[in-house]
């Protein structure tokens, strides 16, 4: 089955909101064995939406459109679908009763403009919406399936998970499975080079892409049986693991902070961090892990050498001007360890020293008892990226440190 996603809404084209719906659906379709070939964005304009829908209808077996199911004049998905299929919309009595019940149960007065949300065409049936007032549409017409879902991501995802995905699964033969290997500390080009002999594979396919947390390798197999797809992936995965070695830090939905947290818990170790320039990005990321209190003692942000005077242990051992250095990172790590009474202290400091390129030096130091490691990394000069990359570099280094 060949699928296409359409996200409607002028606010997407204006950059006022980000289309997360397409990404979510795109991530679910392979698990159903459905090939996704196109994603389109279109504004709230009847002629342009009809043109996009007509093109999708001519080339795809499954069309999924999100947005435009509200009660206002610019919510035109229903009307456009009706025109596409040359069918007339009418109020569905059961949907109208449900809709009025939603408003009544919440103590709100329903505007008559909302009645359009209870309309259907003969080829459509309503898809229940447990979080809003906009039912979806499920259409089967001349061998095509068209699914219209509301734009708010919370509503769309709940409807997809509870109503749409299971029914689609019954209509599809085969499965597409993916396995993602996550690496850090190696460039996209080098990963591509290391995997050169398997990149030519057609099934499974191998895709290399750079992400914020490193370079990812996705192996995707298509088969009629799940077990066969898993076997196909396993063969190429073994090859990729041997080629990439300890550059691999995780798989699939793993996060660096989650992997580190798991190791700290397994080893019954606690961590504290002290960082400069990042605004506490590392500490914030660590606290995104559920149950962070079981492994993370705390973090401290040093905003200037003067601020370090009272917080860094044995500050005399490191001149204040050298706080943004390898020695400074070591002082921060030891101070975090002592102040928070943690098993492991991690110091992170960043400074822009390259006046021409604007690149930054990242200094990281980790201490645990007599064991210590340091690292210096140079990254390009984009501030948010520096914060994130500094954090990811520190977490990857800590992951290797923990073994």
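The values are calculated or read from the model by the stated rules, or taken from the named source; none is laboratory data. Note that the structure is a prediction, hence the values are computed from the model and not measured. Glycine gets a Cβ as well: all are built from the backbone with ideal geometry, and neighbour counts include every protein chain shown.
Table for the structure above
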item	result
Scope region 15-28; condition out of contact with any strand residue (DSSP E or B) (no Cβ under 7 Å at 6 or more places or on another chain) and outside any loop (DSSP other than H, G, I, E, B); matching residues	23, 24, 27, 28
In region 184-213, residue nearest to residue 33 (Cα to Cα) [restricted to those that are surrounded by 18 or more Cβ atoms within 10 Å (Cβ to Cβ) and modelled with pLDDT of 90 or more]	204
Those residues of region 132-150 which are within 17 Å of residue 4 (Cβ to Cβ) and touching a strand residue (DSSP E or B) at 6+ places or on another chain (Cβ under 6 Å), in sequence order	136, 137, 138, 139, 145, 146, 147, 148, 149
Verdict on residue 181 being on the phi < 0 side of the Ramachandran plot and crowded, with 18+ Cβ neighbours inside 10 Å	yes
Which numbered condition residue 50 fails, given (1) modelled with pLDDT under 95; (2) not in a strand (DSSP E or B)	(1)
Filter result (within 21 Å of residue 81 (Cβ to Cβ) and touching a residue at least 60 places away in the same chain (Cβ under 8 Å)) within region 1-28	1, 2, 3, 4, 5, 6, 7, 8, 9, 10, 21, 25
From 283, 272, 317, residue being assigned by TED's automatic domain parsing to the domain that holds residue 364 and either within 30 Å of residue 208 (Cβ to Cβ) or at pLDDT below 95 (or both)	317
Meets criteria (assigned to a loop (DSSP other than H, G, I, E, B), farther than 22 Å from residue 161 by Cα and not assigned by TED's automatic domain parsing to the domain that holds residue 224) for residue 12	no
Selected residue (only one of 245, 250 is out of contact with any helix residue (DSSP H, G or I) (no Cβ under 7 Å at 6 or more places or on another chain), closer than 21 Å to residue 403 by Cβ and either surrounded by fewer than 16 Cβ atoms within 10 Å (Cβ to Cβ) or modelled with pLDDT of 90 or more (or both))	245
Residue, surrounded by the fewest Cβ atoms within 10 Å (Cβ to Cβ), within region 101-110, restricted to residues that are out of contact with any helix residue (DSSP H, G or I) (no Cβ under 9 Å at 6 or more places or on another chain) and under 28 Å from residue 81 (Cα atoms)	101
Residues of region 161-171 satisfying the condition of being out of contact with any strand residue (DSSP E or B) (no Cβ under 7 Å at 6 or more places or on another chain) and crowded, with 17+ Cβ neighbours inside 10 Å	168
Lone qualifier among 278, 285 - being part of a loop (DSSP other than H, G, I, E, B) and more than 23 Å from residue 194 (Cβ to Cβ)	278
Pick from region 29-47, criterion out of contact with any strand residue (DSSP E or B) (no Cβ under 6 Å at 6 or more places or on another chain) and in a helix (DSSP H, G or I), ranking: nearest to residue 81 (Cα to Cα)	46
